[in-house]
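Reviewing the structure listed below.
The values are calculated or read from the model by the stated rules, or taken from the named source; none is laboratory data. For clarity, every value in this text was computed on a predicted model and none was experimentally measured. Don't worry about glycine lacking a Cβ; one is built from the backbone with ideal geometry, like all the others, and counts go over all protein chains shown.
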Amino acid sequence: MDDCLREIKNYITDENALCEIKNENLNESSAQTLRNCLSYCFDDLKINRNTRANKVIEINSVIDFLHDELNTGHWSEVALYIRHYFSLASFLKCIIILKNADSLTETVIKECLKSLDMGILLGAPLEKNSELLTNLAKYLMKKINELAIEEKDERYVEVTKRKLEDYQKNNSENILGMMVPSEECPSLEYFNKTYFLPQVPVKLKGCMNHWPATSKWIDVNYLLKIAGDRTVPIEVGSHYVDENWSQKLMTMKEFIKQHYLSDNYKIGYLAQHNLFEQITELKEDILIPEYCCLSLDYENSEEPDINAWLGPMGTVSPLHHDPKNNILAQIYGYKQIILFSPKDSPFLYPHEDKLLNNTAQVNPLQPDLEKYPKFSKAKMYKCLLGPGEMLFIPVKWWHHVSALEKSFSVSFWWK
Ligand SMILES: O=C(O)CCC(=O)C(=O)O
C-alpha cells in the first residue's frame, strides 16, 4: 500500500496549491475538516484504527455539504470554488480509503474510482493540479486490470453488422426528403467554400480511416478494460422530451450489460458526455477533424467540445438544433439523420418553454399534420451515416438522430 501511495504522490504537480484552503470560501468547520483530512493524507501521522475510520466520516461530511451547495440553484450559477473543493474532497476521500485499507483489493479500487469519478463529473479540474483525478483514475484502472481474472464474454465482441443495402433501402423508401450531398475527404479549401461558408450540411467520407477508434472501440472488451469500472452519466428512457426519461450514474460495465448488450431492457444512452476529458486514454484513439479549424469568427481559437454518444439500437435524439457547428463522426453502427434548415424553424413548432425551445414538438418521422399542419411546408433532408463517415451539421440546423443498430459516435462542436 505504501508503494501505491508513494506513486500517487508523484501525480501531484503542485502540493502548495492543493493545500491552499481559504476559510472565506467555505464554512469554518468544513475548511477545518478538509485541512485535517489533508494532513492525515500527506503528513506521516500515526493514528489508531478508530481515528482512521472517522476520517472517512469526516471527509463524507464535507462532500455532503459541498454536494448540497452544488445542487442549490441552477448548475451554471454554482461558484467554481465549490466545484474545486468538491474535486479536492473526492480526491482526499480516495486517499483516505487507500490509507485505511490493508491491501489494494478490487473492492477498495472500485470505491476509490467511484469517488474520483464523482469528483470529475461534478467538480472541476483543480488549479495547478488539473489532471490529478483523471491520472489517478487511470492508474487505478491499470491496477484493477492487473487483479482481474479475464472475464471475456464472447457476446461483448459482437456488434451486429447489418447490410448497408438494407439500410439504404429503408432510408430511401420510407423517408421522404433530399439526400444530403456526400464528398470523399474534400480539401479544407473546397469544404470551406462549398459547405462551411454557405452553411450547407454534407456527409464526409474517408476522413477518419486512420483513427484507432474505428478498429478498437467495436470490441466491447476494449471499452471495458479502459473504462469498465468508471462511473458515467446515462440517459434512461426513449428520449429527453419523454416524461419517463431520467438520468442515472452507473459504471460503464453496468451500462454495457444492462442497456447496451441486453435486448429487453429500457433504452439507455451514454449521450452528449465529454468522456474524453474524463477517460483521457480514449482521446488518444480519435483526432480532431481539420475542418474544425474553420471559423466564421476570426477571433475564435477555442478547442471544439468533444462528446461521446454510445448506445444500443433505438436511441433517439429528438429534432433539435445546437449553438455551434458540428461534425458528427460515426465510429461504428448506422444512424439515420433527418435535417432541416434554420429557415424552416416556423414549420417545426419549437417548444415554447425556454429550456426546450431548441427542440421541435413535431416528430419528423411520424408528423401529426392535424396538430402541426405547417410541417408540410418544411424541406426535409436525410442522411444515412455509417461507420467511418462524418456529417457536417451547420450551426442552428435542426437534426433528428436515430440509431439503427448499436452505435458509437463522437461529436465535435465548434464556433
Ligand atoms: O447522435 C445523436 O444521438 C445526437 C447527436 C447530436 O445531436 C449532436 O451531435 O448534436
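Among the residues of segment 385-413, none is identified as over 26 Å from residue 255 (Cα atoms) and modelled with pLDDT under 95. Going through (1) part of a loop (DSSP other than H, G, I, E, B); (2) in contact with a Phe, Trp or Tyr (Cβ under 8 Å, 6 or more places away or on another chain); (3) not basic (Lys, Arg) one by one, residue 410 falls short only on (1). Number of residues in segment 198-238 that are assigned to a loop (DSSP other than H, G, I, E, B) and among the hydrophobic types (A, V, I, L, M, F, W, C): the value is 6.
Please verify whether residue 303 is assigned by TED's automatic domain parsing to the domain that holds residue 202, more than 26 Å from residue 121 (Cβ to Cβ) and part of a loop (DSSP other than H, G, I, E, B), treating the condition exactly as stated. Considered against the rule, which asks whether it is assigned by TED's automatic domain parsing to the domain that holds residue 202, more than 26 Å from residue 121 (Cβ to Cβ) and part of a loop (DSSP other than H, G, I, E, B), residue 303 comes out as no.
Among the residues of segment 317-340, is there at least one that is of a type outside the set (Val, Ile, Thr), over 24 Å from the mean Cα position of the chain (by Cα) and either more than 10 Å from the ligand (Cβ to nearest atom) or in a loop (DSSP other than H, G, I, E, B) (or both)? Within segment 317-340 (the criterion being of a type outside the set (Val, Ile, Thr), over 24 Å from the mean Cα position of the chain (by Cα) and either more than 10 Å from the ligand (Cβ to nearest atom) or in a loop (DSSP other than H, G, I, E, B) (or both)), the answer is yes, since at least one residue qualifies.
Please go through segment 1-23 and pick out each residue that is touching a helix residue (DSSP H, G or I) at 6+ places or on another chain (Cβ under 8 Å) and of a type in the set (Lys, Arg). Walk me through it before giving the result.
Keep residues of segment 1-23 that are touching a helix residue (DSSP H, G or I) at 6+ places or on another chain (Cβ under 8 Å), which gives 1, 4-5, 7-9, 11-13, 15, 18-19, 21-23.
Result: 9, 22.
On inspection, residue 294 does not qualify as within 15 Å of the ligand (Cβ to nearest atom), surrounded by fewer than 20 Cβ atoms within 10 Å (Cβ to Cβ) and in contact (Cβ under 8 Å) with a residue 24 or more places away in the chain. Of the candidates 278, 247, the single residue that is in the same structural domain as residue 202 (by TED's automatic domain parsing), within 14 Å of the chain's Cα centre (by Cα) and surrounded by 19 or more Cβ atoms within 10 Å (Cβ to Cβ) is 278. Of everything in segment 383-398 that's buried (at least 19 other Cβ atoms within 10 Å of the Cβ) and farther than 18 Å from residue 331 by Cβ, which residue is farthest from the ligand (Cβ to nearest atom)? My answer is 394.
Looking across 266, 253, one residue alone is in a helix (DSSP H, G or I) and of a type outside the set (A, V, I, L, M). It is 253.
Within segment 352-369, not a single residue is closer than 21 Å to residue 311 by Cα, crowded, with 22+ Cβ neighbours inside 10 Å and within 16 Å of the ligand (Cβ to nearest atom). Annotation note: of 148, 124, 53, 89, the sole residue that is at pLDDT 90 or above and surrounded by fewer than 22 Cβ atoms within 10 Å (Cβ to Cβ) is 124. Somewhere in segment 229-237, is a residue assigned by TED's automatic domain parsing to the domain that holds residue 317, on the phi > 0 side of the Ramachandran plot, surrounded by fewer than 21 Cβ atoms within 10 Å (Cβ to Cβ) and at pLDDT below 95? The answer is yes, given that some residue of segment 229-237 is assigned by TED's automatic domain parsing to the domain that holds residue 317, on the phi > 0 side of the Ramachandran plot, surrounded by fewer than 21 Cβ atoms within 10 Å (Cβ to Cβ) and at pLDDT below 95. Find the residue count for segment 341-351, including only residues that are within 16 Å of the ligand (Cβ to nearest atom) and out of contact with any strand residue (DSSP E or B) (no Cβ under 9 Å at 6 or more places or on another chain). Count: 0. Residues that are touching a helix residue (DSSP H, G or I) at 6+ places or on another chain (Cβ under 7 Å), at pLDDT below 95 and hydrophobic (A, V, I, L, M, F, W, C) are absent from segment 176-187 altogether.
Looking at (1) more than 12 Å from the ligand (Cβ to nearest atom); (2) in contact with a helix residue (DSSP H, G or I) (Cβ under 6 Å, 6 or more places away or on another chain), which is the only condition residue 412 fails? Tallying (1) more than 12 Å from the ligand (Cβ to nearest atom); (2) in contact with a helix residue (DSSP H, G or I) (Cβ under 6 Å, 6 or more places away or on another chain), residue 412 fails exactly one: (1).
When you go through 36, 100, 27 one by one, which is the residue that is in contact (Cβ under 8 Å) with a residue 12 or more places away in the chain and touching an Asp or Glu at 6+ places or on another chain (Cβ under 9 Å)? Spell out how you get there, then give the answer.
Details: 100 fails: touching an Asp or Glu at 6+ places or on another chain (Cβ under 9 Å); 27 fails: touching an Asp or Glu at 6+ places or on another chain (Cβ under 9 Å).
36 is the lone residue from the list that is in contact (Cβ under 8 Å) with a residue 12 or more places away in the chain and touching an Asp or Glu at 6+ places or on another chain (Cβ under 9 Å).
Filtering segment 399-409 to residues that are surrounded by fewer than 22 Cβ atoms within 10 Å (Cβ to Cβ) and within 10 Å of the ligand (Cβ to nearest atom) leaves only 402.
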